[in-house]
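Q: Handing you this structure, nothing more for now.
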Amino acid sequence: MYRVDLRSDTVTKPSEAMRRAMAAAEVGDDWFGDDPTVNRLQERAAEVTGKEAALYVPTGTMANQICLSMHLRGVGHFVAATPGAHVASTEVMSSAALSGISFRTADPGPSGWMTADLARRLLADDDPYEVEVVDLLCVENTVGHAGGTVMPLEELRAIRRVADAAGAPVHLDGARIFNAAVAAGVEVADYAREVDTLMFCVSKGLGAPIGSIVCGSREQIREARRRRILFGGAWRQAGILAAAGLIALEEGPKRLHEDHARAGRLAAGVAEILPGSIDPGSVETNIVYVDTEAVGRSPLEVLRRLADLGVGATYVEGKVRMLTHVDVDDEGLDLALSALRSLVAGATDEG
Ligand SMILES: Cc1ncc(COP(=O)(O)O)c(C=O)c1O
């Protein structure tokens with residue numbers, strides 16, 4: 001469809017090794033907990049994150065929703081988050097529909113990540129009428145809508161102290177926590193230690209075709225398992241997918257620095273072709289946002305021209321978004337940059 005697909009890091013195709021492992025996967029019925037490949041993936045995820053237990057689920061959205069619903073103590077209670085957080089802005093309000101959750105939000109500005117100061121404000125018990133209750137603080141890392149920014153570990157530690165003082169648990173939407181850990185030069189377990197529950201996606205930068213993993217205490221995962229049934233996600237011979245997930249979990253993190261380097265090169269190239277549309281210094285991981293409006297070009301027009309030239313990108317909040325991943329090589333990057341160059345040259349010729 002596209003010669004290079006930069007729409008998301010979810011578009012990756014399973015590698016040959018994954019396809020072989022999937023074909024040969026030992027399976028069982030995961031509803032009963034007897035799929036050995038799923039069990040191996042869950043054990044490995046718990047080991048890598050340093051949590052007691054883990055649960056393999058179909059999507060990141062389901063993983064977040066299971067965790068949010070688990071932490072909620074009453075319908076109509078609040079979850080504190082940033083307004084751009086995936087759980088608060090992108091999951092089609094499934095948290096309201098499924099669990100009766102409202103969000104209390106505060107905007108951290110361009111970095112996109114929750115700060116200890118914001119957490120203190122959001123968790124403050126300052127409602128004089130005593131009707132507002134905040135049950136959970138939800139943080140995201142990397143922050144997708146802010147361009148894959150990385151919350152420093154120190155900030156999460158400070159957030160943890162604030163949450164502890166307020167008696168609130170912390171959930172981490174770590175859809176891309178491996179990207180964050182690689183960029184920050186720390187272990188995923190360092191981030192995981194500071195939160196009560198986390199989820200991460202094997203289906204994004206790690207390169208598996210399907211699946212996300214909820215991690216927490218043994219007791220939380222027992223409850224998460226029950227809620228996975230509630231949300232329609234209790235699957236059967238999921239070992240076929242978990243086999244690819246295992247490879248993604250072992251091999252994926254080793255090459256994320258390449259995606260980050262390519263995103264940096266893409267951003268630098270875009271800045272040269274469309275000066276003023278991006279600050280290349282703001283690209284910390286694998287997500288590149290280009291503000292084409294800022295340089296007088298309609299993002300939808302740019303997307304159409306890119307698509308015509310075989311380059312996939314998406315429209316997000318008025319900008320053109322491009323992500324690097326395992327299926328984007330240097331040649332693909334060159335193609336994307338030359339498409340942008342020809343677009344600019346074409347506009348000049350026409351004009
Ligand atoms: C930060 C973040 N959280 C959660 C999700 C949801 O993951 P899924 O698409 O697997 O439901 C996404 C998806 O892109 C995401 O970017």
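Q: How many residues does region 61-82 hold that are assigned to a loop (DSSP other than H, G, I, E, B) and more than 14 Å from the ligand (Cβ to nearest atom)?
A: The number of residues fulfilling the criteria is 6.
Q: For region 134-181, how many residues are more than 11 Å from the ligand (Cβ to nearest atom), open to solvent by less than 10 Å² (accessible area, probe 1.4 Å) and assigned to a helix (DSSP H, G or I)?
A: The total comes to 4.
Q: Give region 193-211 a look and list any residue that's touching a helix residue (DSSP H, G or I) at 6+ places or on another chain (Cβ under 6 Å) and away from the ligand (no atom under 16 Å from the Cβ), or say none.
A: Result: GLU194, single match.
Q: Cβ-Cβ distance below 6 Å, separation of 6 or more or different chains: which pairs start in region 52-69 with a residue that is under 10 Å from PHE200 (Cα atoms) and end on one that is within 12 Å of the ligand (Cβ to nearest atom) and open to solvent by 10 Å² or more (accessible area, probe 1.4 Å)?
A: GLY60/ALA175
Q: Which residue, of VAL326, VAL316, VAL320, VAL295, is more than 25 Å from the chain's Cα centre (by Cα) and open to solvent by less than 70 Å² (accessible area, probe 1.4 Å)?
A: Going through VAL326, VAL316, VAL320, VAL295 in turn, just one is more than 25 Å from the chain's Cα centre (by Cα) and open to solvent by less than 70 Å² (accessible area, probe 1.4 Å): VAL295.
Okay, residues lined up against (1) in contact with a Cys (Cβ under 8 Å, 6 or more places away or on another chain); (2) of a type outside the set (Ser, Thr, Tyr); (3) outside the structural domain of VAL143 (by TED's automatic domain parsing); (4) touching a residue at least 12 places away in the same chain (Cβ under 8 Å):
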site	(1), (2), (3), (4)
LEU72	no, yes, no, yes
VAL79	yes, yes, no, yes
LEU98	no, yes, no, yes
ASP117	no, yes, no, no
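Q: Looking at (1) at pLDDT below 95; (2) within 16 Å of the ligand (Cβ to nearest atom); (3) acidic (Asp, Glu), find the lone condition where ASP126 falls short.
A: Of (1) at pLDDT below 95; (2) within 16 Å of the ligand (Cβ to nearest atom); (3) acidic (Asp, Glu), only one is false for ASP126: (2).
The values are calculated or read from the model by the stated rules, or taken from the named source; none is laboratory data. For clarity, every value in this text was computed on a predicted model and none was experimentally measured. Cβ atoms come from the backbone with ideal geometry, glycine included; neighbour counts cover every protein chain shown. Note: areas computed on protein heavy atoms with side chains; ligands, DNA, RNA excluded. Shrake-Rupley method; radii C 1.70, N 1.55, O 1.52, S 1.80 Å.
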